[in-house]
Amino acid sequence: MLHIGCHLSPSDGLLNMAKTASGLGADTFQFFSRNPRGSKAKALDQADADAMRAYLAAHAFAPVLVHAPYTLNPCAERPETAQFAELVMRDDLNRCTAMRAPFYNFHPGSHVGQGIAVGIEKTTALLNRILDGSTDTTVLIETMAGQGSEIGGTFEQVRAILDGVAMRDRVGVCLDTCHVFAAGYDIVNDLDGMLTAFDKTIGLDRLQFVHLNDSRFGCGEHKDRHAAIGEGLIGLDGVRRIVNHPALCNLPFCLETPHEALSEYADEIRLTREMTE
Ligand code: FE
Ligand code: FE
Ligand code: ZN
């Protein structure tokens, strides 16, 4: 069975979020551990976290994903900005550990003129500082669209970050279908080609999660604009091939598509489940 869910908010508590996911037909989901713009996080309610974990286990959920605030820049040139990213990620990782969350996903950052090599080096160094052996949570590097000066827009760059991390078992990759397409991997006409490149450069064994999004912009345009499933340039047939591909079909998939109402995610989850062969 396809493991799929969507992005949810923990504003009504963690257990309630898991129940909401169930109600949508999801068996995985993603959430921000704090305000997505960074800054303050409510203190973790350990009883609620334990209740969520028990609920997920009892309802046979696939692993869920905690997403770092998307405004962080782990490789920023300004020390205060990079230090803020480190502070937030370290605190998030502690919260993930307390929740016993299996995966924590982050955007590797934008070098903003420092150059790709410097960006990679700074993000890698940050990971080495926060992965100090005190967590069982695996940090996932998200594949990026290569918009602006984003790092992680090629598999080589993702590999370079992974290679620099001492705690090899505590880092992996989250593949975002909109991002890889925007980055120039033509998953519409050559999904196998993208997966072969991923395997050769990174290794499919490092791939832990998929963000399932259609794309408003074309392959190689480096524009990170998600579209609803079937409403972008990846299209229904493209998505059908992705969710049925033997290299991907057993991974957890999370929708990050633009919808207002939760019912639209329920519809999209159903639509995607119906595509599986
Ligand atoms: Fe993301
Ligand atoms: Fe994503
Ligand atoms: Zn995106």
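The values are calculated or read from the model by the stated rules, or taken from the named source; none is laboratory data. All figures in this text were calculated on a predicted structure; none of them were measured in a lab. Don't worry about glycine lacking a Cβ; one is built from the backbone with ideal geometry, like all the others, and counts go over all protein chains shown. The protein model used for the area step is the full one, side chains on, heavy atoms only, and it has no ligands, DNA or RNA in it. Shrake-Rupley method; radii C 1.70, N 1.55, O 1.52, S 1.80 Å.
Taking 30 Å as the straight-line reach from the Cα of Lys40, the lysines in range (excluding those fewer than 8 positions away in the same chain) are Lys19, Lys122, Lys223.
For the chain, what's the relative contact order in percent, using C-alpha pairs closer than 8 Å and at least 6 residues apart?
Values: 577 pairs, mean separation 48.1, N = 277.
Rounded, it is 17 percent for the chain.
Karplus-based coupling profile of region 108-114, in residue order and whole Hz: x, x, 10, 7, 6, x, 6, with θ = phi - 60° in 6.51 cos²θ - 1.76 cosθ + 1.60 and x standing for Gly or Pro.
With all protein chains in place and a 1.4 Å probe, the accessible surface of region 3-274 carries 51 percent carbon and sulfur.
A Förster distance of 51 Å, applied to the separation of the beta-carbon atoms of Ala261 and Leu87, puts the FRET efficiency at 0.90.
Looking at the calculated P(r) for region 130-225, what percent of the C-alpha pair distances fall above 18 Å? It works out to 43 percent of all Cα pairs. Note that the chain presents 42 Å² accessible area per residue, ligands and nucleic acids not counted, probe 1.4 Å. Dividing the helix sum by the residues of the chain, where each DSSP H run of 4 or more adds -39500 (n - 2.57), gives a mean residue ellipticity at 222 nm of -12500 deg cm²/dmol. Charged side chains reduced to their Cβ positions (Lys and Arg at +1, Asp and Glu at -1) give the chain a dipole of some 580 debye around its Cα centre.
Packing, taken as the mean count of other beta carbons within 10 Å per residue, orders the peptides 139-149, 264-274, 223-233 from highest to lowest as 139-149, 223-233, 264-274. Of all DSSP beta bridges confined to the chain, the antiparallel ones make up roughly 10%. Evaluated at q = 0.12 Å⁻¹, a Debye calculation over the C-alpha positions of region 3-274 (equal weights, vacuum) places log10 I(q)/I(0) at -0.69. Here's how it looks for His3: its modeled amide H is under 5 Å from those of Phe253, which are all 5 or more places away or on a different chain.
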